[in-house]
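Notes follow the structure.
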Amino acid sequence: IDRELASQGSPAAQRAWQRTRALVAARAGRVDTLAAAQDALARLAKAGDPLAVADADLARAALEEQRGQTQLAATSAQSAAEAYARYCGPQVVPRADCDYRSAWLAAQMLTRDARVTGDRTRAMTHNSASLEIAGRAADRALQARGLALQALLQSEAGDSDAARRSLGLAQAQLAGLEATDPAQRAEIEARVAMARSRLLSARDDRNGALRE
């Protein structure tokens, strides 16, 4: 079935299929399937599609992140993010086959790497980039996720007022979701609830410090 799907459709459709195949394989740790998908993306790149290189980098970053190879994952995600910006970003006329979710995922990977390394400023920068991508696409689900993370980052930085505003915006986006997959909605609700819990905990800590 994989071979039939891979050979059908336009080069753009083939790239989309191989990207999806590669990302699923990377998350599952299926190295052989990932290698086959990356080989297919490499052939598309050789035929003149630079976004195929970005897709291969994104899948490689997903596998490296899964393995805990954070520095390698960040390097691969950065390469993917730069290519997506070059061909699909707001400063250019985007290609018709640009997939905003891929650019969003690359930015989120970079956000996670920055959090792991304790670089809160860089984490905010990359998360803001992912929010811009989600906003341009009017994707409420991704906006809610990004805003919940922004609230967490702001809370960690001690900016409770900004964190409350971001949390309110995340809740508004969540309330506006319509035909969303139940599992996806549950995940977003959990992220919003986590941000709310962290904000309340930070407030209680401050109140306790004042009482002392």
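With a cap of 16 neighbouring Cβ atoms within 10 Å, and only residues DSSP puts in a loop, list the trypsin sites (Lys or Arg not before Pro) found in the range 18-110.
On the way: sites: Arg19, Arg21, Arg27, Arg30, Arg43, Lys46, Arg60, Arg67, Arg86, Arg95, Arg101; in loops: Arg30, Arg67, Arg95.
Counting only loop positions with at most 16 other Cβ atoms within 10 Å, the trypsin sites (Lys or Arg not before Pro) in the range 18-110 are Arg30, Arg67, Arg95.
How tilted is helix 50-66 with respect to the longest principal axis of the chain? Cα atoms for both, answer in degrees (0 to 90, nearest 10).
50 degrees
Apply the a/c threshold of 1.5 to the C-alpha gyration tensor of the range 37-84 and tell me whether it is rounded, prolate or oblate.
On the way: a/c = 3.77, a/b = 1.78, b/c = 2.12.
Judged from the Cα gyration tensor, the range 37-84 comes out oblate (a/c at least 1.5, b/c at or above a/b).
Pairs of Cα atoms under 8 Å, at least six residues apart: use those to get the relative contact order of the range 1-115, whole percent. Spell out each step's value before the answer.
On the way: 130 pairs, mean separation 22.3, N = 115.
Relative contact order for the range 1-115 comes out at 19 percent.
Size of the range 51-139 along its principal axes in angstrom, Cα-based, largest extent first?
Principal-axis extents of the Cα atoms in the range 51-139, largest first: 34, 26, 19 Å.
Take peptides 155-166, 70-81 and line them up by average Cβ neighbours within 10 Å, highest first, as a rough protection proxy. List each step's numbers first, then the result.
Details: 155-166: 16.2, 70-81: 20.3.
Highest mean packing first, the order is 70-81, 155-166.
To the nearest 10 degrees, how steeply does helix 31-46 sit against the main Cα axis of the chain, on a 0 to 90 scale?
It is inclined by approximately 70 degrees.
If you average the alpha carbon positions of the range 103-172 and of the range 48-81, how far apart do those two centres end up, in angstrom?
Going from one Cα centre to the other spans 20 Å.
Per-residue ellipticity at 222 nm for the chain, helices alone: DSSP H runs ≥ 4 residues times -39500 (n - 2.57), over residue total, nearest 500 deg cm²/dmol?
Working: 10 runs with 173 residues, N = 212.
Taken over the chain, the calculation gives -27500 deg cm²/dmol.
Under the √(5λ) rule applied to the eigenvalues of the Cα gyration tensor, what semi-axes describe the equivalent ellipsoid of the chain? Give them in Å, descending.
Values: eigenvalues 243, 63, 50 Å².
After scaling each eigenvalue by five and taking roots: 35, 18, 16 Å.
Would you work out the charge dipole size for the range 1-86 about its Cα centre, treating the Cβ of every Lys and Arg as +1 and the Cβ of every Asp and Glu as -1, and quote it to the nearest 20 debye? Please list the in-between numbers first.
Details: 11 positive and 10 negative charges, 13 e Å.
So the magnitude is around 60 debye.
Counting only C-alpha contacts under 8 Å and six or more residues apart, can you give the relative contact order of the chain as a whole percent? Write down the numbers at each step before the final one.
On the way: 251 pairs, mean separation 23.6, N = 212.
11 percent.
Using unit Cβ charges (K, R positive; D, E negative) and no other charged atoms, how large, in debye to the nearest 20, is the dipole of the chain about its Cα centre?
Numbers: 29 positive and 26 negative charges, 31 e Å.
So the magnitude is around 140 debye.
Expected output is a single nm value to one decimal: the length gained when fully extending between Leu177 and Lys46, i.e. 0.36 nm times separation in residues minus the C-alpha distance. What is it? Write out the running numbers ahead of the final one.
Values: separation 131, 0.36 × 131 = 47.16 nm, distance 4.02 nm.
Difference between extended and current length: 43.1 nm.
All of the numbers you see were taken from the coordinates with simple rules; none came from a lab. The structure presented is a predicted model; accordingly, all values stated were derived computationally and were not measured. Glycine also receives a Cβ, built like all others from the backbone with ideal geometry; neighbour counts cover every protein chain displayed.
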